[in-house]
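Asks: This is the structure I want to talk about, given as structure tokens.
Every number in this text was worked out from the coordinates using simple rules, so none of it is lab data. What you see is a predicted model; the values in this text were computed from it and never measured. Here the Cβ is made from the backbone with ideal geometry for all residues, glycine too, and neighbour counts use every protein chain on show.
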Amino acid sequence: MKLWSGRFSKSTDQAVDHFNSSITFDQRLYRQDIMGSIAHVTMLGQQNIISKQEAKIIKDGLLSILKDIDAGAIDFDITAEDIHMNIETLLIERIGDVGKKLHTGRSRNDQVALDMRMYVKDEIVHIDSMIQKLEKTLIKIAEKHMDTIMPGYTHLQRAQPITLAHHFMAYFEMFHRDRQRLKNVFKSTNHMPLGSGALATTTYPLDRTFVAQNLNFENITYNSIDGVSDRDFCIELLSTLSILMMHLSRFSEEIILWVSHEFRFMELDDAFSTGSSIMPQKKNPDIAELVRGKTGRVYGNLMGLLTVMKGLPLAYNKDMQEDKELIFDSIDTVKMCLPIFTQMLQTSTFSKEKMYQAASGGFTNATDAADYLVKKGIPFRTAHEVIGKLVLYCIQQDKTLEQLSLEEYQMISPHFDETIYTAISLEECVNRRNMIGGPSKEIMQKTIEENKKRLKTL
Ligand code: ARG
């Protein structure tokens, strides 16, 4: 029999039970649901809304259910619709009529809002620690590659020499912002909605602050209508996870390029790549490709929830049950991607030679050659023109700037002397970029030390 059967003269159609029920997926909220109920019932006891002894019996009943669910000993029932009513039904089965007092002063509307907030907070902590591991990995690799010169790109055309450390620390910044965003989502999630009731609070003298403190919430919600109908925190989470996936996807794209035969900057460990069923030579970056691909579903979940919410009148509407799978799928996806991506990086190797070759073959030092003339008193725009001509000459001769003779330089401009060769050496080009944010070894050492602290003190 349904917990709300009083008003009905027949039972629901089986098809409706199936359609309406969310237990197959919201059962993962059982711990939050039980802890939330325990806090609620403890408060009911303290406020003498029920007796302290009743509160104790209910609490013990809930704890026994928690233990059994943990042990996998409970079969959920789809006719009980969702995790909230499954647990309440089980409670009443176990402890009898006193169990019917649990839901005093509460609605499933504020209950589910509470459970989702608790769940999101818990998961943010997990995801944050996964990103932190990735940050640590990036730092480890960067520490080893402060002298590994590679071309930096714009338009995927070789632009200026940088180091692998500099490149990877760019991703550190991106992932660090993701952590900051997650922290902000945590903050907006950290409001306790119980007491909102169905939408208009309740007449019982609930102590909302007690429940909030008991459940480690920093705040309570301040409008009961909003308390039950707000899913902004879910949308904020999905948006933050989408941005995080976008970062992982850009990184994946680079890895896919870098392991290709055209680049060969990087090699994946055999244990973190896959073969082809037909082409024996293949070693494919499937992990990076899947991470890139899975970004699509996380974006889709964000769009899905925005669309679910856009036309909903206040307050609770059943449409909002659709938030669950979108949130769960995004969290699961991110939690699947982060560790494997991190491991893939940890086990990869980088080819200093290939990177150096690419940096020296693509005129990445042309800006520095122009700056060289500027230091000799030539206006930058003129210097730019001169070096442009020089590059064209090199392309025609199939040479690099380093390979030109002094006569060839002087043929283009009399301002060149033998110091041009050190001025355009890639090491010089990198290490002269010695301001905060730049690739020089000195700056990179400082940045890495700084980032070791930043990653702990978010
Ligand atoms: N399973 C529902 C959900 O996920 C719980 C809240 C239902 N409330 C209601 N009045 N039907 O949104």
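Asks: Provide the FRET efficiency to the nearest 0.05 for the THR104-LEU156 pair, computing r from the beta carbons and using R0 = 45 Å. Can you show the working numbers first?
Replies: Values: r = 64 Å, r/R0 = 1.41.
My answer for the efficiency is 0.10.
Asks: As a test of understanding, state the convex hull volume per residue of the chain from its alpha carbons, in Å³.
Replies: 200 Å³
Asks: I need the peptides 266-274, 151-159 ranked by packing, meaning the mean over residues of other C-beta atoms within 10 angstrom, with the highest value on top.
Replies: Working: 266-274: 15.6, 151-159: 13.8.
In descending order of packing, they fall as 266-274, 151-159.
Asks: Pull up all non-local amide H partners of ILE162: gap of 5 or more, or a different chain, and H-to-H distance under 5 Å with H placed in the peptide plane.
Replies: Those lying under 5 Å, H to H, from ILE162 are MET150, GLY152.
Asks: Same structure, new question: Grab the beta carbon distance between TYR393 and LYS133, set R0 = 45 Å, and tell me the FRET efficiency rounded to 0.05.
Replies: Numbers: r = 50 Å, r/R0 = 1.10.
According to the calculation, E is roughly 0.35.
Asks: Here is a follow-up. Quick one: of LYS133/LYS335; LYS283/LYS354; LYS183/LYS456; LYS335/LYS453; LYS133/LYS452, which pairs are farther than 21 Å apart, Cα to Cα?
Replies: Values: LYS133/LYS335 12 Å; LYS283/LYS354 18 Å; LYS183/LYS456 13 Å; LYS335/LYS453 24 Å; LYS133/LYS452 12 Å.
Cα-Cα > 21 Å for LYS335/LYS453; rest within.
Asks: Also, I was wondering about something else. Taking 7 Å along the Cα-to-C-beta vector as the label spot, tell me the SER5-HIS18 distance in nanometres, rounded to one decimal.
Replies: Label-label distance for SER5 and HIS18, simple model: 2.2 nm.
Asks: In whole angstrom, how long is each semi-axis of the equivalent ellipsoid of the range 222-340, when you take the square root of 5 times every eigenvalue of its Cα gyration tensor and sort them from largest down? Display every interim value, and only then the final one.
Replies: Numbers: eigenvalues 314, 31, 22 Å².
Each semi-axis is the square root of five times an eigenvalue, giving 40, 12, 10 Å.
Asks: Starting from the alpha-carbon convex hull of the range 96-221, give the projected area averaged over all orientations, in nm². Don't skip to the answer; put the middle values down first.
Replies: Working: hull surface 48.1 nm².
Taking the Cα atoms of the range 96-221, their convex hull projects to 12.0 nm² on average.
Asks: Report, by chain and number, residues whose modeled amide H sits under 5 Å from the one on MET192, excluding near sequence neighbours (fewer than 5 apart, same chain).
Replies: Correct list: ASN219, ILE220, THR221.
Asks: About the Cα centre of the chain, what is the dipole size in debye to 20, counting +1 per Lys and Arg Cβ and -1 per Asp and Glu Cβ, all else neutral?
Replies: On the way: 54 positive and 60 negative charges, 172 e Å.
The calculated dipole for the chain is roughly 820 debye.
Asks: Here's something else I'd like to know. Using a Cα-Cα cut-off of under 16 Å, which aspartates and glutamates could be cross-linked to LYS140, ignoring same-chain neighbours fewer than 8 residues away?
Replies: Those aspartates and glutamates meeting the cut-off are GLU173, GLU449, GLU450.
Asks: Which lysines have a Cα less than 19 Å from the Cα of LYS310, not counting those fewer than 8 places away in the same chain?
Replies: LYS318, LYS324
Asks: What is the distance in Å between the Cα centroid of the range 79-96 and that of the range 228-265?
Replies: 40 Å
Asks: May I pose another question? Using all alpha carbons of the range 94-152, what is the percent of pairwise distances in each 10 Å bin, ordered from the shortest bin to the longest?
Replies: 17, 21, 20, 15, 12, 9, 6, 1
Asks: Two decimals, Cα atoms only, Kirkwood Rh: what is Rg/Rh over the range 336-458?
Replies: Details: Rg = 19.2 Å, Rh = 17.1 Å.
Ratio of gyration radius to Kirkwood radius: 1.12.
Asks: What ranking do 133-142, 412-421, 369-378 get when scored by the average of other Cβ atoms within 10 Å per residue, highest first?
Replies: On the way: 133-142: 20.3, 412-421: 14.6, 369-378: 16.9.
The packing order, highest mean first, is 133-142, 369-378, 412-421.
Asks: So which aspartates and glutamates can LYS59 reach, going by Cα to Cα under 13 Å and dropping same-chain residues fewer than 8 places off?
Replies: Once the sequence-local aspartates and glutamates are set aside, what remains near LYS59 is ASP33, GLU88.
Asks: Determine the distance separating the Cα centre of the range 317-346 from the Cα centre of the range 165-208; give it in Å without decimals.
Replies: Centre-to-centre distance over Cα atoms comes out at 16 Å.
Asks: ASP122 versus SER425, label points 7 Å from Cα toward the beta carbon: distance in nm?
Replies: Rounded to a tenth, the inter-label distance reads 5.9 nm.
Asks: Show me 10-19, 123-132, 389-398 ranked by packing, highest mean number of other Cβ atoms within 10 Å first. Each step should come with its number before you reach the end.
Replies: On the way: 10-19: 11.1, 123-132: 16.9, 389-398: 12.9.
Packing order, densest peptide first, comes out as 123-132, 389-398, 10-19.
Asks: Stretch GLN53-ASP207 to full length: gain in nm at 0.36 nm per residue minus the Cα-Cα span?
Replies: Details: separation 154, 0.36 × 154 = 55.44 nm, distance 1.83 nm.
Gain on stretching GLN53 to ASP207: 53.6 nm.
Asks: Work out how far the C-alpha atoms of the range 1-113 reach from end to end along every principal axis, then list the three figures in whole Å, largest first.
Replies: Ordered largest first, the range 1-113 gives principal extents of 42, 34, 26 Å.
Asks: Run the quick spin-label model on ASN434 and ILE78: label points 7 Å from Cα toward the beta carbon, then report their separation in nm to one decimal.
Replies: Placing both labels 7 Å along Cα→Cβ, they lie 7.1 nm apart.
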